[in-house]
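Q: Submitted below is the structure of interest, expressed as C-alpha cells.
All of the numbers you see were taken from the coordinates with simple rules; none came from a lab. From a predicted model like this one, the values you see are computed outputs, not experimental measurements. Virtual Cβ from ideal backbone geometry, glycine too; neighbours counted across all protein chains shown.
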Amino acid sequence: MANTASAAKQARAALRRREVNRRLLDTARRAQKQLLALITSGKKAEASKLFPELQRRLDRAAKGKAIHRNRSARIKSRIAHLLR
C-alpha cells in the first residue's frame, strides 16, 4: 500500500508498464516459438520469411526496455545461425 500520493501514482504507472512489457514479451516469445517450430520441422524457407517479424518484435521489446538489448541480439543471432 502506498503511503503518499506520488507513491500511489508510481504504483499505477508500474502496473501499466508491466502490462505493456508483458504484451511485448508475449508477442516476441510467440514469434520465436513459431520460428523454432518451423526450423525443427525442416521448413527453413518459411522460417526465413518470418525471421524479420521476430527481429522487429525483439527490437521493439528491447527499445521499450522490456528485455535487455544484448538478450535481443543474442536471440536473433542464435536464430540466424539456425537458419543457415
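Q: Out of the range 1-60, which trypsin sites (Lys or Arg not before Pro) are coil in DSSP terms and have no more than 15 other C-beta atoms within 10 Å?
A: LYS43
Q: Report the calculated FRET efficiency for LEU83 and ASN21 (r = Cβ-Cβ distance, R0 = 30 Å), to the nearest 0.05.
A: Numbers: r = 27 Å, r/R0 = 0.91.
For R0 = 30 Å, the calculated efficiency reads 0.65.
Q: MET1 to LYS33: extension gain in nm, 0.36 nm per residue of separation minus the Cα-Cα distance?
A: On the way: separation 32, 0.36 × 32 = 11.52 nm, distance 3.79 nm.
That pair, MET1 and LYS33, stretches by 7.7 nm at full extension.
Q: Taking θ = phi - 60°, what integer Hz values does the Karplus form 6.51 cos²θ - 1.76 cosθ + 1.60 yield along the range 4-10, in sequence order, with x for Gly and Pro?
A: 10, 5, 5, 5, 5, 5, 5
Q: If you average the alpha carbon positions of the range 1-44 and of the range 56-78, how far apart do those two centres end up, in angstrom?
A: Rounded to whole Å, the Cα centres lie 12 Å apart.
Q: If you don't mind, there's one more thing I want to ask. Counting only helical runs of four or more DSSP H residues, what would the 222 nm mean residue ellipticity of the chain come to if each run contributes -39,500 (n - 2.57) and the total is spread over all its residues? All intermediate terms of the calculation are to be shown ahead of the outcome.
A: Details: 3 runs with 71 residues, N = 84.
About -30000 deg cm²/dmol.
Q: Using θ = phi - 60° and the Karplus curve 6.51 cos²θ - 1.76 cosθ + 1.60, what whole-Hz ³J(HN,Hα) does each residue of the range 53-60 get, with Gly and Pro shown as x?
A: 5, 4, 4, 4, 5, 5, 5, 5
Q: Taking Cα Rg over 2.2 N^0.38 Å as the quantity of interest, determine which of [x] 1.00; [y] 1.24; [z] 1.42 was computed from the displayed structure.
A: [z]
Q: Quick one: 3J(HN,Hα) in Hz for the range 14-20, Karplus 6.51/-1.76/1.60 with θ = phi - 60°, rounded, Gly and Pro as x.
A: 5, 5, 5, 4, 4, 5, 5
Q: Which listed residue (SER41, ASN21, ALA5) has the Cα farthest towards the positive end of the charge dipole for the chain, taking +1 on Lys and Arg C-beta and -1 on Asp and Glu C-beta about the Cα centre?
A: ALA5
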